[in-house]
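Notes for the one structure printed next.
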Protein chains: 2
Amino acid sequence: MSFSAVDVITTKRDGSALSDGQITWVLEAYQRGEVAEEQMSALLMAVFFRGMADRELRTWTDCMIASGETLNLGGLSRPSVDKHSTGGVGDKISLILAPLVAACGACVPQLSGRGLGHTGGTLDKLESIPGWRAALTNDEIRTQLESVGAVICAAGAGLAPIDRRLYALRDVTGTVESIPLISSSIMSKKIAEGTHALVLDVKVGRGAFIKTIERARELASTMVALGESHGVATVARLTAMDQPLGRAVGNALEVVESVDVLRGGGPSDVRDLTLALAREMLGLVGIDVDPAVKLDDGSAYDVYRSMIQAQGGDPDAVLTPAPIHDVITADTSGFVTVVDALGVGVAAWRLGAGRARKEDPVSAGAGVICLVREGDRVEVGEPLFELYADDDEHLARGREALRGAATIGDDVPVSIGILLERITK
Amino acid sequence: MSFSAVDVITTKRDGSALSDGQITWVLEAYQRGEVAEEQMSALLMAVFFRGMADRELRTWTDCMIASGETLNLGGLSRPSVDKHSTGGVGDKISLILAPLVAACGACVPQLSGRGLGHTGGTLDKLESIPGWRAALTNDEIRTQLESVGAVICAAGAGLAPIDRRLYALRDVTGTVESIPLISSSIMSKKIAEGTHALVLDVKVGRGAFIKTIERARELASTMVALGESHGVATVARLTAMDQPLGRAVGNALEVVESVDVLRGGGPSDVRDLTLALAREMLGLVGIDVDPAVKLDDGSAYDVYRSMIQAQGGDPDAVLTPAPIHDVITADTSGFVTVVDALGVGVAAWRLGAGRARKEDPVSAGAGVICLVREGDRVEVGEPLFELYADDDEHLARGREALRGAATIGDDVPVSIGILLERITK
């Protein structure tokens, strides 16, 4: 059957559901270059305004998956379960969670990305470890899942390759912030990755790209439904991203903090969120093990070491902060009412830890250590943030971005905690 | 000041008005190739959904005009007044109206286009006259306006050239049917053409691209406001386009019918609409002459002959219909309740009179003669339509398209007349 791009666009524009045939045709023709970029961007904008019904979104996601290869994780001796976070500041959870859940008996194929803008990327963080390499073949992934149980590596270009083109197009045409488009982008890759189960960490708040609980709920429900309809057991947790997660924001700084948690220490919010997500993951694959035990008895850390070594990294390498150092202090006494994750994230980016374009390099040692959390009592002159950069210019930019990132007031702020809601099918 | 395309797109997408600076930047940058086609199409789709406020649309139209040259019609001995029709089936009014209004003492710079799809183009019709040429220089236009008083010619590439790119983009991205985009496209060219006054014939009904009176009213008001804000005295008439205008639909066929009207005969609906639009045009430039007299005394026809000759055409050439001929007859007796302009327009197109792409040639002699109008009494076997084509294949396609174009019933249909509403500032 033959379709026309204009008919597909105007069908969606005028509020009707696209047929399976229309969706399949338009995405395949786009891949073949027969539907032009300007036609696809008009369709994406129409989707932004009109949304997609469940069935449309399922078909759309199917076509994205079918645009490339799928990994086969069948035949492994353990069930596979993955986690995806929509992106936060100081979010190093994957580094701890993957080895922890493997230590509990599942295998974790964590195919990850790099950071862009004010949120860091898991691969950038691990690349601060000398020798560690992000690129694995599909065979290497399977072998490591069997031997170590955990893999954190780059999602190959073969998984849902159309997403790369669609994302690049959305990025320049103002069509990023659409729930069906976000959901299909995330879920097509996770489903193609072949995981049996998936836990979604949907961030909401000042430092997240989703600012309201209602929208987070909508995104989470949409992704859970997509996962379940493709045979992936899926649960979502909505978690607060108003202040940074933990103290460290920056690549090597976050690896160091992750190791602290893997050794039974570290900031309590990082530990608590990791354990909550680990319990969800284990629950989905029916493993009845208390992950707190595996953190405290060192077995998660052992898996972490093996995982780093299996990918060429030296887990004993000493990771040092960048050489240029500064401290920001409180200009008044009182209670810390706000530590703005967005401000801290942008500061770490400006200091050199992040990138504006995906080709840009990142600094391993640059970043911010947050010395206070919301609710802390501080006195005038007390340090709030430590800054690390490779040179004075980056330091100055980071300092500028941190201005106003902490607010000090007279009243103790009300804490809502990190774990907000749980969304299941 | 510097802007980003994504910011402009998301501003409109999220329902805010674009600033003058944003509009000017985005259209100029698009012309320079710095805003990509896929960004412009996303913006156009956002405009489709969000519309434009009066001020935005004025600025947008200003920028379209500023993208090219403007004709200067100052210094002519007569006031200039033009007419624009949004496009109908059998709409040959310009061919009669331009010389008629010139015969009454105004000058008429009718810069026209070619047909696309089921509506014919004024230039295609005149090109069925041997020797007639559509392309004139700006100097030739001025000279002919002074000597003859009427010019019907191709709008040069220099007037609002960005419209050509925007229209081509809208055509493939499902963003044609937007009132602000239609209005700015039409009015930018008419304002750049330099006319002092303008009458808009906004077609509404089955054979028009606007189907409802509400939408026709909205388009007309928007265009009238745009014209007036640019110093062009503008009036719109909403006119019915449910059945074809006149009897002839096709290039040479319509020229022959136009000459009939210019000589005081022809179908009454064509004559009546021409006179109504002529009165509007003359009123706008303050000329108190009865155009009916100028039709009946032959002076409009004299101007027509001069106008055709001035552009190399032979007004005495005999225009013959295409050689392959057929008739469609009534299969029942009764009253004609519907003569579907869209069906007749598509049939004329299929017979060879129209084109699907702007590069395609058209047949001079192909087309349809409608032998009945709504309300006529017919007997079974009586002819309804005559068809003309250059070959049997086109004839068969035209016959197929005409199937069901006329409906015959038992009751006399209620006629609403052609002239529906008048819209002024």
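The values are calculated or read from the model by the stated rules, or taken from the named source; none is laboratory data. Computed from a predicted model, the values in this text were never measured in an experiment. Counting neighbours? That spans all protein chains shown, and the Cβs are built from the backbone with ideal geometry, glycine included. All accessible areas refer to the heavy atoms of the entire protein, side chains included, with ligands and DNA or RNA removed. Shrake-Rupley method; radii C 1.70, N 1.55, O 1.52, S 1.80 Å.
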Hits in the stretch B:298-342 - residues which are out of contact with any strand residue (DSSP E or B) (no Cβ under 8 Å at 6 or more places or on another chain) and either at positive phi or without any contact (Cβ under 8 Å) to a residue 24 or more places away in the chain (or both):
B:Gly298, B:Arg305, B:Gln309, B:Gly312, B:Asp316, B:Val318
A:Ala233 - would you say it is closer than 30 Å to A:Glu56 by Cα, assigned by TED's automatic domain parsing to the domain that holds A:Ala157, out of contact with any Pro (no Cβ under 6 Å at 6 or more places or on another chain) and open to solvent by less than 10 Å² (accessible area, probe 1.4 Å)?
no
Go through the stretch A:60-81 and give me each residue that's under 25 Å from B:Ala46 (Cα atoms) and among the polar types (S, T, N, Q).
A:Thr61
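For every residue, the table says whether it meets (1) modelled with pLDDT of 95 or more; (2) under 30 Å from A:Leu284 (Cβ atoms); (3) touching a Lys or Arg at 6+ places or on another chain (Cβ under 9 Å); (4) assigned by TED's automatic domain parsing to the domain that holds A:Met241.
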{"residue": "A:Asp390", "(1), (2), (3), (4)": "yes, no, no, no"}
{"residue": "A:His394", "(1), (2), (3), (4)": "yes, no, yes, no"}
{"residue": "A:Gly398", "(1), (2), (3), (4)": "yes, no, yes, no"}
{"residue": "A:Gly404", "(1), (2), (3), (4)": "no, no, no, no"}
Here's a check for you: in the stretch B:162-207, which residue that is more than 14 Å from chain A (Cβ to nearest Cβ) and over 30 Å from B:Ile141 (Cα atoms) is surrounded by the most Cβ atoms within 10 Å (Cβ to Cβ)?
B:Gly207
Only one of (1) in contact (Cβ under 8 Å) with a residue 60 or more places away in the chain; (2) in a helix (DSSP H, G or I); (3) surrounded by fewer than 17 Cβ atoms within 10 Å (Cβ to Cβ) does not apply to A:Leu295, and that is (3)
At pLDDT 95 or above and either crowded, with 20+ Cβ neighbours inside 10 Å or within 14 Å of chain B (Cβ to nearest Cβ) (or both) - does that describe any residue in the stretch A:74-81?
yes
Qualifying residues in the stretch A:21-41 (those that are in contact with a Ser or Thr (Cβ under 8 Å, 6 or more places away or on another chain) and touching a residue at least 60 places away in the same chain (Cβ under 8 Å)) - the one nearest to the other protein chains (Cβ to nearest Cβ)
A:Ser41
Criterion: at pLDDT 95 or above and on the phi > 0 side of the Ramachandran plot - qualifying residue of B:Gly131, B:Gly194:
B:Gly131
So which residues in the stretch B:5-20 are surrounded by fewer than 18 Cβ atoms within 10 Å (Cβ to Cβ) and either over 22 Å from A:Leu43 (Cβ atoms) or more than 13 Å from every other protein chain (Cβ to nearest Cβ) (or both), if there are any at all?
B:Ser16, B:Ala17, B:Ser19, B:Asp20
If I ask for residues that are in contact with a strand residue (DSSP E or B) (Cβ under 9 Å, 6 or more places away or on another chain) and charged (D, E, K, R), which ones from the stretch B:172-221 would you list?
B:Lys189, B:Lys190, B:Glu193, B:Asp201, B:Lys203, B:Arg206, B:Lys211, B:Arg215, B:Arg217
Can B:Leu44 be described as surrounded by 24 or more Cβ atoms within 10 Å (Cβ to Cβ), in contact with a Leu (Cβ under 7 Å, 6 or more places away or on another chain), more than 14 Å from every other protein chain (Cβ to nearest Cβ) and in contact (Cβ under 8 Å) with a residue 12 or more places away in the chain?
no
Mind checking whether some residue in the stretch B:23-37 is open to solvent by 20 Å² or more (accessible area, probe 1.4 Å), of a type in the set (A, V, I, L, M) and under 20 Å from A:Glu38 (Cβ atoms)?
yes
Output the helices (runs of 4 or more DSSP H) that fall wholly within the stretch A:29-128 and possess 1 or more residues being more than 20 Å from A:Ala252 (Cβ to Cβ), or say none.
A:37-50, A:54-66, A:93-103
Could you list, in sequence order, all residues of the stretch B:148-161 that are surrounded by fewer than 21 Cβ atoms within 10 Å (Cβ to Cβ) and either within 14 Å of chain A (Cβ to nearest Cβ) or more than 16 Å from the chain's Cα centre (by Cα) (or both)?
B:Gly156, B:Ala157, B:Gly158, B:Pro161
Open to solvent by 10 Å² or more (accessible area, probe 1.4 Å), modelled with pLDDT under 95 and at positive phi: does that describe A:Gly264?
yes
The correct count of residues that are more than 19 Å from B:Ser184 (Cα to Cα), of a type in the set (Gly, Ala, Ser) and more than 14 Å from the chain's Cα centre (by Cα) in the stretch B:200-239 is 1
Please go through (1) free of Cβ contacts under 8 Å to residues at least 40 places away in the same chain; (2) over 17 Å from A:Met307 (Cα atoms) for A:Asp139 and return the number of the only condition it doesn't satisfy.
(2)
Any residue at all in the stretch B:85-108 that's more than 30 Å from B:Val285 (Cβ to Cβ), β-branched (Val, Ile, Thr) and open to solvent by less than 20 Å² (accessible area, probe 1.4 Å)?
no
Let me confirm something: among A:Ala248, A:Ala252, which residue is more than 22 Å from A:Ala278 (Cβ to Cβ), open to solvent by less than 10 Å² (accessible area, probe 1.4 Å) and either outside the structural domain of A:Glu280 (by TED's automatic domain parsing) or modelled with pLDDT of 95 or more (or both)?
A:Ala252
Checking the structure you have, find out if any residue of the stretch B:122-134 is within 14 Å of chain A (Cβ to nearest Cβ) and open to solvent by 10 Å² or more (accessible area, probe 1.4 Å).
no
